[in-house]
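The values are calculated or read from the model by the stated rules, or taken from the named source; none is laboratory data. No experiment lies behind these values; they were computed from the predicted model shown. No Cβ is skipped: glycine too gets one built from the backbone with ideal geometry, and neighbour counts run over all protein chains shown.
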Amino acid sequence: MRIRFMVALGALLSCAVGVANAAETAPFDPATVDLAEVLACKIDGGHYVGFAITISDDDSPSSAKARGWVKLPTQSPSFSSYRLPKPLSVFGHTTSTVAFTGTAMLAVLDLPDATALGAQQDVTNILQGSGRFKGERVVDESTTVDPETGYRFKNRSALRIATNPAFPGKTLIGCDYDGQLQLPA
């Protein structure tokens with residue numbers, strides 16, 4: 001629990017400039033985040049952090065509990081998994097389960113072989129011949145500068161597809177949001 005808090009806090013701090021810049025263009029409300037857009041790497045990295053932090057905060061109106069999500073047991077401490085109250089359609093598949101890692105949200109698909117999905121999404125398997133799938137495609141790699149402070153926020157978001165022993169017979173697909181706060185030059 002403490003490790004997850006520290007990862008979340010570190011991610012929040014690293015994305016602070018991204019959130020500040022995004023807030024200038026539109027107010028951010030984690031309760032209105034579209035899950036399909038999160039999974040497809042279509043939201044700002046700073047917004048992702050704000051959304052992800054509210055999921056584990058039971059006091060937040062945007063928490064997993066408030067959304068009607070049910071926490072599921074997992075076979076790995078690296079994942080937090082939830083059953084959604086209604087199915088979600090993503091990447092041509094339907095799922096009722098999502099999983100979170102330190103920087104990613106992933107849909108858990110009932111798909112034992114990820115090869116066709118990887119080809120469909122232009123994601124190459126770096127574990128070919130192993131019986132597993134792991135790959136990513138970079139969707140955004142950008143840097144924004146806060147004009148008032150000079151702080152730079154380096155954002156990298158990548159569509160990830162993987163099979164993992166913690167989810168036997170399933171394929172994970174979603175977005176990894178990685179951000180770094182850089183001091184002014």
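The residue of region 61-99 that is surrounded by the most Cβ atoms within 10 Å (Cβ to Cβ), among those that are closer than 25 Å to Asp122 by Cβ and among the aliphatic types (A, V, I, L, M), is Val98.
Looking only at region 144-185, filter to residues that are at pLDDT 90 or above and either of a type in the set (Ser, Thr, Tyr) or in contact with a His (Cβ under 9 Å, 6 or more places away or on another chain) (or both); which one of those is farthest from Ala36 (Cα to Cα)? Top of the filtered list is Thr149. Filter region 128-185 down to residues that are in contact with a Pro (Cβ under 9 Å, 6 or more places away or on another chain) and exposed (fewer than 11 other Cβ atoms within 10 Å of the Cβ) and give me whichever is nearest to Leu111 (Cα to Cα). Residue satisfying both the conditions and the ranking: Gly169. Just checking, does region 92-109 include any residue being in contact with a His (Cβ under 6 Å, 6 or more places away or on another chain) and modelled with pLDDT of 95 or more? Yes - at least one qualifying residue is present in region 92-109.
Residues of region 151-185 that are farther than 30 Å from Thr97 by Cβ and assigned to a loop (DSSP other than H, G, I, E, B): Tyr151, Leu183, Pro184, Ala185.
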